[in-house]
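Remarks on the structure that follows.
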Amino acid sequence: MKRKLSAKTILVAVLVGLLVVAASYFALAQSQPEPSRQSIQSGDSDRQPLIENQLRDLLTGIGVLVTPGFQMAADRNVREVAIRWETASASKTALATEQTGGKFSVSSSQVSISSLPRRRAVELAETEIFVAAVDANSKLVWWQVMSDPRVLRSEKVSSSGEVSGQTLYLPNVDFSISFPDEPNITEVRFFHPQWNGERFQLTQIGVITVR
């Protein structure tokens, strides 16, 4: 009987000890801040001035003004616009080289309750389009980089087994774009990035009027 009582006593003591340790752990965990959320917010805050400087260097000289703190919140109503892009003086077949101009016309426009991702870096390529939404004073309100909707990629295999590729551009395309439903936005301008050997330069290829 003494052995059984002793074993039960030890078991109870062990359980009590485990409960105390568990309670202490949860209390400590609840008192700690959320490191992941803090690190994300801190990262965005530190990155914003760098992004603004990159955009200012990129847009200076092409009529778009970048002011400090322009970055808008990611969560807001979103305007979705369907666009028809027609390249001037183009044939109906795919083009071997990109066109730097054309006619942009709005097919439809609607507002939805949604959110847009926040860009954390300015990364460009010649097969992409830089989009800038501006106000009546040409101040940048919002921006994004999107894939060029005209691009087609063609690949062929030679008799020796070598694979070669070619980038083609459709002369006429339909695509859609989403941007904040912000009353200050009056125009959305589209630019083609071109690499000059040292840096990217933007050439405006189209614009749509908002409202």
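Modelled this way, with points 7 Å down the Cα-to-C-beta line, the labels at SER108 and SER138 are 3.4 nm from one another. This model, with +1 at the C-beta of Lys and Arg and -1 at the C-beta of Asp and Glu, gives the range 117-211 a dipole about its Cα centre of some 140 debye.
Counting neighbouring Cβ atoms within 10 Å and putting the fewest first, the residues ILE129, ILE62 line up as ILE62, ILE129. In loop segments of the range 116-189 as defined by DSSP, the GluC sites (Glu not before Pro) with at most 16 further C-beta atoms inside 10 Å of their C-beta are GLU123, GLU126, GLU162. Amide H contacts of ASP148: GLU128, ILE129, each under 5 Å away and 5 or more positions distant or on a separate chain (H built 1.01 Å from N in the peptide plane; Pro and chain starts excluded).
Potential lengthening of the chain between THR186 and THR67 amounts to 41.2 nm, from the contour at 0.36 nm per residue minus the alpha-carbon distance.
Expressed per residue, the C-alpha convex hull volume of the range 149-211 stands at 150 Å³.
The numbers here are math on the coordinates, done by the rules we state, and not lab data. Computed from a prediction, not measured in an experiment: that's the story for all the values here. Here Cβ is always computed from backbone atoms with ideal geometry, including for glycine, and neighbour counts include all displayed protein chains.
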